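Structure first, then comments.
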Amino acid sequence: MAVDELDTRILRLLLEQPRTSVREYARVLGVARGTLQARLDRLERDGVITGTGPSLSPAALGHPVLAFVHIEVTQGHLDDVGDALAAVPEIVEVFSITGGGDLLTRVVARDNAHLEDVIQKLISLPGVVRTRTEVALRERVPYRLLPLVESIGRAARTAPLRS
């Protein structure tokens with residue numbers, strides 16, 4: 001899906017001011033409300049905008065320990081293990097990966113003892129061969145997309161017009 005300069009301006013506003021109304025976004029951007037709404041609908045339909053809910057802090061919810069757990073899976077059991085991982089509330093993300101292991105999970109815990117309990121639960125799942133855990137000490141760059149959106153916007157401004 002091609003994202004043009006107006007799309008990137010819309011995305012920037014959504015990232016910088018997520019609680020603003022569509023009417024206010026349209027005013028700031030100098031476009032009609034209907035135009036803005038059509039763009040938002042297309043961006044959602046095309047999967048560029050994937051959610052509008054609040055970002056939550058696991059640490060503020062009492063789970064300040066963050067770990068990345070690599071999981072090696074018995075061949076042929078990737079989907080089964082993935083389904084089982086979805087039932088573990090402390091797992092907030094799971095990715096299939098290349099390299100050392102088959103799955104990479106982001107796990108949150110109340111403390112190190114709780115993290116150990118979660119890891120033991122993972123090790124006991126059918127199809128899990130072994131795990132390797134890395135505990136995050138400090139977040140250096142928080143999850144962000146604004147620099148990427150700005151880069152795409154710069155590229156859209158300098159791209160030649162298509163006829």
At a Förster radius of 30 Å, what calculated FRET efficiency corresponds to the Cβ-Cβ distance of ALA156 and GLU24, to the nearest 0.05? 0.80
Using the Karplus curve 6.51 cos²θ - 1.76 cosθ + 1.60 with θ = phi - 60°, work out ³J(HN,Hα) for each residue of segment 77-93 in order, rounded to whole Hz, and write x for Gly and Pro. 10, 4, 5, 4, 5, x, 4, 5, 5, 5, 8, 9, x, 6, 8, 9, 7
In vacuo Debye sum over C-alpha of the chain, base-10 log of normalised intensity I(q)/I(0) at q = 0.08, 0.10, 0.12, 0.18 Å⁻¹, listed in q order, is -0.38, -0.56, -0.74, -1.05
Rounded to whole Å and sorted largest first, what semi-axes of the equivalent ellipsoid does the C-alpha gyration tensor of segment 1-65 yield via the square root of 5 times each eigenvalue? 27, 14, 10
Check ILE49: other-chain or 5+ apart residues with amide H under 5 Å from its amide H, H built from backbone geometry? GLU44
Ordering 73-81, 132-140 by per-residue average of other C-beta atoms within 10 angstrom, highest first, gives 73-81, 132-140
Rounded to the nearest 500, what is the chain's calculated 222 nm mean residue ellipticity when only DSSP H runs of at least 4 contribute -39500 (n - 2.57) each, over all residues? -12500 deg cm²/dmol
Accessible carbon and sulfur surface of segment 1-66 relative to its total accessible area, %, 1.4 Å: 51 percent
Ordering 18-30, 110-122 by per-residue average of other C-beta atoms within 10 angstrom, highest first, gives 110-122, 18-30
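Can you tell me the accessible area per residue over segment 15-163, all protein chains present, probe 1.4 angstrom, in square angstrom?
That works out to 71 Å² per residue.
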Taking 10 °C and 1.306 mPa s as the conditions, I'd like the Stokes-Einstein D for segment 58-141 in µm²/s, using the Kirkwood hydrodynamic radius from alpha carbon pairs. 123 µm²/s
Could you work out how much longer the chain between LEU137 and GLN17 gets when fully extended? Use 0.36 nm per residue separation minus the Cα distance between them, nm to one decimal. 40.3 nm
Please compute the modelled spin-label separation between LEU6 and HIS114, points set 7 Å along Cα→Cβ, answer in nm with one decimal. 4.7 nm
What FRET efficiency would be calculated for the residue pair LEU61, ALA38, taking the C-beta separation as r and a Förster radius of 35 Å, to the nearest 0.05? 0.45
Give me the percent of accessible area attributable to carbon and sulfur for segment 102-163, probe 1.4 angstrom. 53 percent
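Under unit Cβ charges (Lys, Arg +1; Asp, Glu -1), what dipole magnitude, rounded to 20 debye, does the chain have relative to its Cα centre?
Using only the charged Cβ atoms, the result is roughly 940 debye.
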In Å, the C-alpha Rg and Dmax of segment 35-104 are 16.9, 51
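The values are calculated or read from the model by the stated rules, or taken from the named source; none is laboratory data. The structure displayed is predicted, hence computed values, not measured ones. Because the Cβ atoms are built from the backbone with ideal geometry, glycine has one as well, and the counts that use them run over all protein chains shown. To get the accessible areas, we keep the full protein, side chains included, count just its heavy atoms, and leave off ligands, DNA and RNA. Shrake-Rupley method; radii C 1.70, N 1.55, O 1.52, S 1.80 Å.
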